[in-house]
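This report refers to the structure that appears directly beneath it.
Every read-out reported here was derived from the displayed coordinates using simple, explicitly stated rules and does not represent laboratory data. Since this is a predicted model, take the numbers as computed values, not measurements. FYI the Cβ positions are ideal-geometry reconstructions off the backbone, even for glycines, and counts take in every protein chain you see.
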Amino acid sequence: MILSPSYKRAGICSTHKIIPGVTYCVHAFEANEYRNAGLEVEEIPDKVRGNIARVRNWMLEYSEKKKEKRVLMVDDDLVGLIWWEKNDRKDMDPEWAEEFIENGFNMAEGFGAKLWGMNVTTDKGSYREYTPFSMKSYISASFSGHLLPTIRYDERFSLKEDYDFTIQILQERRRILRFNMVYYNARHINTQGGCADYRLQDREKDQLKLLQEKWGSKIVKFDTKSDGTFDTNPIIKVPINGV
């Protein structure tokens, strides 16, 4: 099952063009707008609105009620899945993406991992070719594969929920699976709707502080640049051996 949470983006969703079989999970008040755009839709009760962690938990519970064993959560604004082959970028077509997703779940299951995903940066310089896979790196909710049944998102995190979820899974299972040779492209910046409706810098900082309070400063580190600028994404270092 492939689910994509979406909010106020009926006219600009793009993930279904990249990944076959995507169902957009949208709130009841705007479900018909998505249907009129020709999109596959599952309605989320309006009372779930306002917290992406609560929405993700609804998606997990919905999948488990459907007796699904595998669910892929993806953002609604993906425009490409790319595979590094030496210094060349290979864009996946929908058929390749479908095959990759199936293999991702199969490998995660073989590793005994409950969570898998892909690289979160498009920068070739950050990809270490001698480490095509990693077992304790952050998995972005923008592309995250879950093997069910699984734990739930901490609903105190309306932002940074995927950082917390990654650490939770590592605490419970001691491993995840990330394909470092693959990354996604998305239109996150300056896109209306979604979490952009409440993603403010002060709120980002408050969520980072809460994340550090929960897990400690040795695991969650703030990334302050040499020029004094503040990165709203933390550095995660879990006390587990391996890559």
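In the chain, taking the dipole from charged Cβ atoms about the Cα centre, the farthest positive-side position among Leu208, Pro239, Val55 is held by Pro239. Relative to the Cα centre, the charge distribution of the stretch 2-199, modelled as +1 at Lys and Arg Cβ and -1 at Asp and Glu Cβ, gives a dipole magnitude of about 620 debye.
Shown is the FRET efficiency for Asn87 and Glu204, computed with R0 = 51 Å from the Cβ-Cβ distance and rounded to the nearest 0.05: 0.90.
Ordered by the number of other Cβ atoms lying within 10 Å of each residue's own Cβ, fewest first, Cys13, Cys25 fall into the sequence Cys13, Cys25. Across the chain, the mean sequence separation of Cα contacts (distance under 8 Å, 6 or more residues apart), normalised by length, yields a relative contact order of 21 percent. Taking Lys and Arg as +1 and Asp and Glu as -1, the other residues whose beta-carbon sits under 12 Å from that of Ile219 total +3. Each DSSP beta bridge with both residues in the chain is either parallel or antiparallel, and the antiparallel ones are about 60%. Pairs of Cα atoms nearer than 8 Å and 6+ residues apart set the relative contact order; for the stretch 1-140 it is 24 percent.
Between the stretch 99-117 and the stretch 7-48, how many Å separate their Cα centres? If we compute the Cα centre of each part, the gap is 26 Å.
Share of pairwise Cα-Cα distances greater than 12 Å in the stretch 1-56 is 61 percent (whole percent). When only the Cβ of Lys, Arg, Asp and Glu is charged (+1, +1, -1, -1), the dipole of the stretch 117-157 relative to its Cα centre reaches about 60 debye.
For the chain, the residue among Ser217, Ala10, Ile101 whose Cα projects farthest onto the positive side of the dipole built from Cβ charges is Ser217. Summing charges over neighbours of Pro149, with a neighbour being any other residue whose Cβ is under 13 Å away from its Cβ, gives +4 when K and R count +1 and D and E count -1. Using only Cα positions of the chain, each an equal point scatterer, no hydration layer, compute I(q)/I(0) via Debye at q = 0.11, 0.17 Å⁻¹ and quote the log10 values to two decimals. Reported log10 I(q)/I(0), two decimals: -0.57, -1.48. Determine the shape class of the stretch 91-137: with a ≥ b ≥ c the square roots of the Cα gyration tensor eigenvalues, call it rounded for a/c under 1.5, and otherwise prolate if a/b is greater than b/c, oblate otherwise. Oblate, since a/c reaches 1.5 and b/c is not below a/b.
Our summary gives the stretch 22-67 a relative contact order of 33 percent, counting only alpha carbon pairs under 8 angstrom and 6 or more residues apart. A straight Cα-to-Cα reach below 21 Å connects Lys17 with the lysines Lys8, Lys90, residues fewer than 8 places away in its own chain not being considered.
Placing a label point 7 Å from the Cα of Glu68 along the Cα-to-Cβ direction, the residues of the stretch 148-167 whose backbone N falls under 14 Å from that point are 148-150.
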